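A.B. asks: Can you read through this structure? Questions will come right after.
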Amino acid sequence: MAMALSPGIYWTPLAGAPVDCWPCGRMRARRARRHAGHWDAGRVLVPLGLLGERMKSRRKAIKDDSPSHRFGRRQGLLGSALMAPASCRAVSPVPLTVGLGTCCLKGEQSEEQVLNGLSLGYRVIDTASHYDNEVSVGKALVRSKVPREEVFLVTKVWFDDMGERASQATQESIGRLDTYVDLLLVHFPGTNDAIQSPTANRRLRETTWRALEDAKSAGLTRHLGVANFVRRHLKELLAFCREAPEVMQTEVHPYFQQPELLDLCKRNNLQVQAFSPLAHGQLALLEDPLLKKLGAKYQRSPAQVVLSWLLQKGIAPIAFSRSLERMKENLSGGFVLTAAELERIDLLDRGEDARVGFNPNLIA
């Protein structure tokens, strides 16, 4: 947890991080000492609350070409490139646009997918520690040359890392991505063990959420949220949190709409992100006669109809594809469904029988 040393100056205990005084950019020896009015106690010093011209003047004063005064990318877990810009921390969550999902791809395939996505215009990139591709995603961000502040980056804490390990797991994700994240999520509401303890899972959720709150305070992320929570998990979290979640990432598509969960999110100001928006497998969502009929009317694909339906409902879809043609198709909707057409798609809901992913109702 960040601790204030003086107004606007904090230190964060990050094990193994190089000792670096962020305010003045100097690398120091690995022992406690004071210099330039800043404490360096074998930790990374992080300024929180340096806004506007004050921050700009600090950055301008640093010599970019000096290794000991570099504000760019470096090996530490924190730094100007790794810390959410202070001036952006109050910005609304999740841009209402189609995001790029990165699950299922690793290594060079993942890097190329993200690089291609960014070149096509994707600006929301979704990853997770469990996907084992955070390093590749981080490399693609650098290679793309797209300004970091133009990309909305999402990662998640896996359920194996919930509890006391959540803080370290978050720092490891930041280290692999080599940049701050815009949205940090709890990936699941608990373990999926055959024998579960509701009390233990609740404790895991609370301890994990506290770690996420601390990560936001330390500038590692701009926004916090949850994924795969059901209503009882979300109500529980809203009852004990200090910092309320801003985003719910959950499965939503025309055959599985979760209206009660979405209504709870709306009433508590949570932006919904939809994964698996096009479904898959035996559901054959994109073969639905209504979606094909609407696609023909607008000269669009059934996938584009679904994505427009979600966006018009205020839901931000995350679509996975490795095909350049499909990625481009998913991003280029450019049409508006009528209110009557939206309602007709609403009637396609099949409830729990059409859930594609793991059912989090099974988690105590």
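The values are calculated or read from the model by the stated rules, or taken from the named source; none is laboratory data. Computed from a predicted structure; not experimentally measured. Positions of Cβ are generated from backbone atoms using ideal geometry, with glycine treated the same way; all protein chains shown enter the neighbour counts. For the accessible areas, the whole protein counts, side chains as well, though only heavy atoms, and no ligand, DNA or RNA atoms are used. Shrake-Rupley method; radii C 1.70, N 1.55, O 1.52, S 1.80 Å.
A.B. asks: Applying the selection to the stretch 321-351, what residues are modelled with pLDDT under 95, open to solvent by 70 Å² or more (accessible area, probe 1.4 Å) and out of contact with any Leu (no Cβ under 7 Å at 6 or more places or on another chain)?
C.D. replies: Gly334
A.B. asks: Given (1) farther than 20 Å from Gln113 by Cα; (2) in contact with a Cys (Cβ under 9 Å, 6 or more places away or on another chain), where does Asn359 come up short, assuming only one miss?
C.D. replies: Answer for Asn359: the failing condition is (2).
A.B. asks: Let me ask something else. Return yes or no: is Phe240 over 30 Å from Val137 (Cα atoms) and touching a Phe, Trp or Tyr at 6+ places or on another chain (Cβ under 8 Å)?
C.D. replies: It is true that Phe240 is over 30 Å from Val137 (Cα atoms) and touching a Phe, Trp or Tyr at 6+ places or on another chain (Cβ under 8 Å).
A.B. asks: Among (1) assigned to a loop (DSSP other than H, G, I, E, B); (2) at pLDDT below 95, where does Ser87 come up short?
C.D. replies: Condition not satisfied by Ser87: (1).
A.B. asks: Name the single residue that is most open to solvent (accessible area, probe 1.4 Å) among those in the stretch 136-163 being modelled with pLDDT of 95 or more and acidic (Asp, Glu).
C.D. replies: In this case the residue turns out to be Glu149.
A.B. asks: Condition first: more than 27 Å from Ala128 (Cβ to Cβ) and without any contact (Cβ under 8 Å) to a residue 60 or more places away in the chain. Can you find one or more residues in the stretch 324-335 that meet it?
C.D. replies: Yes, there is a match, as at least one residue in the stretch 324-335 is more than 27 Å from Ala128 (Cβ to Cβ) and without any contact (Cβ under 8 Å) to a residue 60 or more places away in the chain.
A.B. asks: Can I ask one more? If we keep just the residues of the stretch 256-282 that are modelled with pLDDT of 95 or more and over 22 Å from the mean Cα position of the chain (by Cα), which is nearest to Glu243 (Cα to Cα)?
C.D. replies: Top of the filtered list is Glu260.
A.B. asks: Just the residues that are closer than 18 Å to Val157 by Cα and either open to solvent by 10 Å² or more (accessible area, probe 1.4 Å) or at pLDDT below 95 (or both), please, taken from the stretch 116-135.
C.D. replies: Ser129, His130, Tyr131, Asp132, Val135
A.B. asks: From the list Leu290, Leu294, Leu286, Leu310, exactly one residue is hydrophobic (A, V, I, L, M, F, W, C), in a helix (DSSP H, G or I), without any contact (Cβ under 8 Å) to a residue 24 or more places away in the chain and more than 14 Å from Tyr122 (Cβ to Cβ). Which is it?
C.D. replies: From the options Leu290, Leu294, Leu286, Leu310, the qualifying one is Leu286.
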